[in-house]
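The structure under discussion appears below in the form of structure tokens.
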Amino acid sequence: MKPMDSEREKVADRLLNSSAKKFYDPEVDIDWSAPIPPDRPFEIERRCSLYGTHLWDGLSTQQRLDLGRHEVASIAGNGIFFELLLMKVLLNEIYDGDPTTRHVQYALTEIADECRHSVMFARYVERTGAPAYGPPRIVHRLGRVLPVIGYGPALYGAVLVAEEVLDRLQRESMADETVQPLLRMVNRIHVLEEARHVTFARAEVLRRMPRLSRPEVAYQRWLLALVGFAITRSLINPRVYRVVGLDPREAQRAALANPNFHETLRWAGERIMAFLAGAGLVGAPGMHWWYRSFLIAKR
Ligand SMILES: [Fe+2]
Ligand SMILES: [Fe+2]
């Protein structure tokens, strides 16, 4: 054990123990052949991006169910995209690391978790009958360079924004008995295993912040805000609106102007944004992107 980093090693050791005791294999632990009741929602209505808009008012009950099914499939598809990026980031991080350290071993364990999650989300999307919505093309392209230009606490901060925003939505959905049982199980598995990832990434943010020079802090704040914006903009692929016969552009405009949707994103990001602000990662020159992400409300 490296004595100077012993706190880091202790956290990783604890997380390795917890991973060994409690983990799921979605291939075995989920009954993928269970019937999908047609009248149960995949998405809690008020979390729909169009909830409360004039477009929402024009949708029938069946259309609202269909839109919810596709929105959650889009979120799950983007979850896979975020997990692929995280796996790349972790692989880069440990490339030069010492495999006999606990933190490298934990990073490998987290990659294994994310592999299972991505297969689980993929099976889930397949089961809902929705297509594999990914992020917008520009975000998909930017995703290629992020593991190259990103470093330091912003990288883990970005991981946390994706993990914790999804986590809050998933916790709410798994606790709601009206939601589709398959989705509640998927969410339960994800929430349980993500708690460890959040602990690991938060500790990395706090460990790395004091090492930054002042210009680096500015770069890290900017990069994190930009990625935070890309994350929230990716969640709902505008193509989902086609399933209920809406024009994707018009519907996306309505969603981005919808105060209910802003509030959903602000609420989902509430805990992680408080943590990142406390760590000193939220501020100039990133505020423009934070406001546009709706993770922070402009006063
Ligand atoms: Fe995950
Ligand atoms: Fe994760």
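Worth a mention:
- Any hit, region 205-213, residues being among the hydroxyl-bearing types (Ser, Thr, Tyr) and under 15 Å from the mean Cα position of the chain (by Cα): no
Here's the yes/no breakdown for (1) among the hydrophobic types (A, V, I, L, M, F, W, C); (2) in contact (Cβ under 8 Å) with a residue 60 or more places away in the chain:
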{"position": "Thr100", "(1), (2)": "no, no"}
{"position": "Gln105", "(1), (2)": "no, yes"}
{"position": "Phe121", "(1), (2)": "yes, yes"}
{"position": "His140", "(1), (2)": "no, no"}
{"position": "Leu146", "(1), (2)": "yes, yes"}
{"position": "Leu155", "(1), (2)": "yes, yes"}
{"position": "Val161", "(1), (2)": "yes, yes"}
{"position": "Arg171", "(1), (2)": "no, no"}
{"position": "Glu177", "(1), (2)": "no, no"}
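- Hits in region 199-210 - residues which are within 16 Å of Gly152 (Cα to Cα) and touching a residue at least 12 places away in the same chain (Cβ under 8 Å): Phe200, Ala201, Arg202, Ala203, Glu204, Val205, Leu206, Arg207, Arg208, Met209
- Odd one out for Thr109, checked against (1) over 18 Å from Arg196 (Cβ atoms); (2) of a type in the set (Ser, Thr, Tyr); (3) within 16 Å of ligand 1 (Cβ to nearest atom): (1)
- You will find that of Val11, Val28, the residue that is loosely packed, with under 12 Cβ neighbours inside 10 Å and out of contact with any strand residue (DSSP E or B) (no Cβ under 9 Å at 6 or more places or on another chain) is Val28 and no other.
- When Leu224, Leu206, Leu192 are checked against the criterion of being out of contact with any helix residue (DSSP H, G or I) (no Cβ under 9 Å at 6 or more places or on another chain) and assigned to a helix (DSSP H, G or I), Leu192 stands alone in meeting it.
- Among the residues making up region 44-67, those that are assigned to a helix (DSSP H, G or I), surrounded by fewer than 24 Cβ atoms within 10 Å (Cβ to Cβ) and either within 16 Å of ligand 1 (Cβ to nearest atom) or not basic (Lys, Arg) (or both) are Glu45, His54, Leu55, Trp56, Asp57, Thr61, Gln62, Gln63, Leu65, Asp66.
Read the figures in this text as sums done on the coordinates, not as results from a lab. Nothing here was measured: the structure is a model prediction, and the numbers come from that model. When we count neighbours, we look across all protein chains shown, and the Cβ atoms used for this are built from the backbone with ideal geometry, even at glycine.
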